[in-house]
Amino acid sequence: QVAALPHDVVPGYVSYGNSRQPRLISTDGHAMYATLQLAGNTDAAQNRSFEAVKTSLAKAHLPGITIDYAGLVPLNKEISGQVSKDLRRAETLSLPIVLILLVIVFGSLASASLPLAVGICGILSSFAVLRFLTLFVSVSIFAQNLVTMLGLGLAVDYALFMVSRFREELPRQGDVRKALLRTMATAGRTVAFSGITIAASAASLILFPESFLRSMGYGGIAVVLVDVAASLTVLPALLALLGPKVDSLRVPTPWRRKRADGAELPASDLAR
């Protein structure tokens, strides 16, 4: 049946039938091992060839015969599927937990949703950058885990810093535009410097010859720069649109201290 596989899918193969090598057959003669050469010079092309092999063998009526697959291509396919499941599970669990923590910190659903919006924007954009990089270099599937973990963490960190500063400056400046300019001149500058520093550190991984480490470098640089860009463009635009409504949809938090005028203190003052 292996010999009947399309030549454009399997250009060559080695089995006990065409080589008579003893190592390719079990001692009891009930199991045989065949090595297939899959067509394609890229991972995607070899995956397509592998799927074609599985489809062809599945359609063949082979009573009493069980077929198992092994090798780098099937292993990578299984790993990719498991990583995708883990990412979906992580996002399903982490996003609600992060939202609850942000509501506790800010005491407002409107403010708490902003870091999540930046995080989701950063993660999706980083995935797009990695997909583009796969056209030119090899990128490990595990880079997706780094993008999800680092992307959400940095986005929440940067957005938390900027939203807190904007909420502090808004009553001081008395104007949304002035408060936003002051926020960008202080917190925005800090975010930009932090992002560039982290991206430069992640760039050192590209110098390693191992593809896995280079992939971590690609993912780290992409997610950091995208998070910084989102924090300095998308987030200020959202803050400008919300203005004083950044504190809307308040959630009662009895442990938050009050100012003399009865208003709740900004999140940054709670740590003092």
Inset, instruction - Output the number of residues of the stretch 19-37 satisfying the condition of being charged (D, E, K, R) and within 17 Å of THR66 (Cβ to Cβ). - result: 1
Inset, instruction - From VAL163, VAL147, grab the single residue that is crowded, with 22+ Cβ neighbours inside 10 Å and farther than 22 Å from LEU238 by Cα. - result: VAL147
Legend entry - Failed condition for ALA179, given (1) free of Cβ contacts under 8 Å to residues at least 40 places away in the same chain; (2) open to solvent by 60 Å² or more (accessible area, probe 1.4 Å): (2)
Legend entry - Evaluation of VAL139 against (1) under 19 Å from GLY220 (Cβ atoms); (2) in a loop (DSSP other than H, G, I, E, B); (3) open to solvent by 70 Å² or more (accessible area, probe 1.4 Å); (4) of a type in the set (A, V, I, L, M) (one fails), failing number: (3)
Inset, instruction - Using the structure shown, decide if VAL191 is modelled with pLDDT under 90 and part of a helix (DSSP H, G or I). - result: no
Legend entry - Odd one out for SER194, checked against (1) out of contact with any Lys or Arg (no Cβ under 6 Å at 6 or more places or on another chain); (2) among the polar types (S, T, N, Q); (3) buried (at least 20 other Cβ atoms within 10 Å of the Cβ): (3)
Inset, instruction - Determine if the stretch 37-50 includes at least one residue that is aliphatic (A, V, I, L, M), over 35 Å from the mean Cα position of the chain (by Cα) and either at negative phi or part of a loop (DSSP other than H, G, I, E, B) (or both). - result: no
Inset, instruction - Filter the stretch 89-127 down to the residues that are open to solvent by 30 Å² or more (accessible area, probe 1.4 Å) and either within 10 Å of the chain's Cα centre (by Cα) or hydroxyl-bearing (Ser, Thr, Tyr) (or both), then identify the one that is farthest from ALA237 (Cα to Cα). - result: THR92
Legend entry - Qualifying residue in the stretch 110-124 (condition: in contact with a helix residue (DSSP H, G or I) (Cβ under 8 Å, 6 or more places away or on another chain) and over 19 Å from SER231 (Cα atoms)): no
Inset, instruction - For the stretch 80-92, indicate whether the set of residues that are touching a helix residue (DSSP H, G or I) at 6+ places or on another chain (Cβ under 9 Å) and under 25 Å from SER194 (Cβ atoms) is non-empty. - result: yes
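Tell me, please, whether a residue that is assigned to a helix (DSSP H, G or I), under 35 Å from the mean Cα position of the chain (by Cα) and either without any contact (Cβ under 8 Å) to a residue 60 or more places away in the chain or more than 19 Å from THR134 (Cα to Cα) (or both) can be found in the stretch 61-73.
Narrowing the stretch 61-73 to residues assigned to a helix (DSSP H, G or I): 72-73.
Next cut, under 35 Å from the mean Cα position of the chain (by Cα) only: 72-73.
This time we only want the ones that are either without any contact (Cβ under 8 Å) to a residue 60 or more places away in the chain or more than 19 Å from THR134 (Cα to Cα) (or both), so: 72-73.
Yes, the stretch 61-73 contains at least one residue that is assigned to a helix (DSSP H, G or I), under 35 Å from the mean Cα position of the chain (by Cα) and either without any contact (Cβ under 8 Å) to a residue 60 or more places away in the chain or more than 19 Å from THR134 (Cα to Cα) (or both).
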Legend entry - Of the criteria (1) in contact (Cβ under 8 Å) with a residue 24 or more places away in the chain; (2) open to solvent by less than 80 Å² (accessible area, probe 1.4 Å), which one LYS77 fails: (2)
Inset, instruction - Out of the residues in the stretch 56-74 that are open to solvent by 100 Å² or more (accessible area, probe 1.4 Å) and aliphatic (A, V, I, L, M), state the one that is farthest from HIS7 (Cα to Cα). - result: ILE65
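The values are calculated or read from the model by the stated rules, or taken from the named source; none is laboratory data. From a predicted model like this one, the values you see are computed outputs, not experimental measurements. Here the Cβ is made from the backbone with ideal geometry for all residues, glycine too, and neighbour counts use every protein chain on show. Accessible surface areas use protein heavy atoms only, side chains included; no ligands, DNA or RNA. Shrake-Rupley method; radii C 1.70, N 1.55, O 1.52, S 1.80 Å.
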